[in-house]
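Novice: Before I ask anything, here is the structure I am working with.
The values are calculated or read from the model by the stated rules, or taken from the named source; none is laboratory data. Keep in mind it's a predicted model, so treat the numbers as computed, not measured. In this analysis, Cβ positions are derived from the backbone assuming ideal geometry, glycine residues included, and neighbour counts consider all displayed protein chains. For accessibility, only protein heavy atoms count, side chains too; no ligands or nucleic acids. Shrake-Rupley method; radii C 1.70, N 1.55, O 1.52, S 1.80 Å.
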Amino acid sequence: MSDQNPDPRVRLEDLLAEAAVSSLSVQDQQELASLRRKFPQWNDESFELAAAAVHLADESLLTLEELPSSIRETILRDAERLLESSRTVPNPSDATVPGLRRSQHWMQWSGWGVAAALVIVIGLSRFSAMRNSGVVPIPLAQQRDELLKQEGTLRVAWADGLHPFATPVSGDVLWNQADQSGFLSFEGLPVNDPEQQQYQLWIIDPQRDDQPIDGGVFDITQAEGRVIVPITPKLQVIAPSAFAVTVEKPGGVVVSDQKQLPLLAQVR
């Protein structure tokens with residue numbers, strides 16, 4: 001809803017901001033077109049650039065790690081300088097307009113300056129909120145390293161299973177009994193087609209049952225480098241004696257026939 005008799009330039013800013021992030025009604029589109037013709041000097045791409053920048057920030061923030069305070073302060077200082085340097089000479093007639101909201105006149109700034117500043121300011125504030133709420137995920141490599149440092153974490157190297165691959169596969173299994181969590185790491189495990197077959201982890205625990213515990217299905221999507229996979233056991237593990245990887249149909253199986261068991265990690 002529009003304000004009663006707003007300043008036309010303020011109204012232009014409001015409409016441009018709304019158009020950058022959502023669809024305008026036919027009436028608002030007509031009003032925006034009229035205001036663009038009335039104020040052609042402000043007819044730039046600042047809001048579109050800002051909206052695109054915010055979208056890109058949203059896409060990338062989920063992979064960020066926590067920023068050290070020194071880096072955060074440096075970025076904020078740079079953002080302030082960027083905003084100051086992005087301002088252009090104000091319209092002299094602004095001083096005669098009652099109620100002019102100068103702080104909201106983004107159209108007086110360079111479009112790229114606004115976009116970059118928004119990425120910094122909105123990105124940091126959103127990241128801080130997500131970190132405080134525990135929403136920001138920690139990279140798997142970092143989680144694995146932290147688990148490796150914990151007391152009681154078991155580490156077992158992969159060895160050939162009953163049906164080894166033609167090329168060698170290296171890596172290991174980390175398992176922490178107290179946390180009931182762990183990670184698999186692989187180098188050289190062949191890429192699979194998830195529509196044809198998937199890898200499945202099994203945790204052999206004689207103290208619990210004769211049947212291995214399903215540790216979750218996973219895919220390998222890269223041929224080079226190390227791949228880290230979290231262990232997702234379907235049942236509580238008591239005392240694992242071995243970990244095995246089998247190749248199964250998509251979605252995995254409840255009980256494996258072990259016709260394809262390429263990797264085995266035995267606890268000694």
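Novice: Got at least one residue in the stretch 252-260 being without any contact (Cβ under 8 Å) to a residue 24 or more places away in the chain and either within 25 Å of residue 143 (Cβ to Cβ) or over 30 Å from the mean Cα position of the chain (by Cα) (or both)?
Specialist: yes
Novice: Go through (1) at pLDDT below 95; (2) surrounded by 13 or more Cβ atoms within 10 Å (Cβ to Cβ); (3) closer than 26 Å to residue 245 by Cα; (4) not acidic (Asp, Glu) and name the single condition residue 124 misses.
Specialist: The single condition residue 124 does not satisfy is (3).
Novice: Are any residues in the stretch 172-223 touching a helix residue (DSSP H, G or I) at 6+ places or on another chain (Cβ under 6 Å) and of a type in the set (Phe, Trp, Tyr), and if so, which ones?
Specialist: 183
Novice: For the stretch 178-199, which positions are assigned to a loop (DSSP other than H, G, I, E, B), within 14 Å of residue 223 (Cβ to Cβ), open to solvent by less than 60 Å² (accessible area, probe 1.4 Å) and not aliphatic (A, V, I, L, M)?
Specialist: 188, 190, 192
Novice: I'd like to verify a number: residues in the stretch 218-268 that are within 25 Å of residue 178 (Cβ to Cβ) and open to solvent by less than 80 Å² (accessible area, probe 1.4 Å), how many?
Specialist: Total meeting the criteria: 19.
Novice: Within the stretch 148-163, how many residues turn out to be touching a Gly at 6+ places or on another chain (Cβ under 8 Å) and acidic (Asp, Glu)?
Specialist: So the count comes out to 0.
Novice: Next up: Going by what's in this entry, would residue 202 be described as among the aromatic types (Phe, Trp, Tyr) and over 19 Å from residue 261 (Cα atoms)?
Specialist: When the stated conditions are applied, residue 202 does not pass them.
Novice: From 175, 202, 158, grab the single residue that is surrounded by 14 or more Cβ atoms within 10 Å (Cβ to Cβ), within 15 Å of residue 266 (Cα to Cα), within 28 Å of the chain's Cα centre (by Cα) and not basic (Lys, Arg).
Specialist: 175
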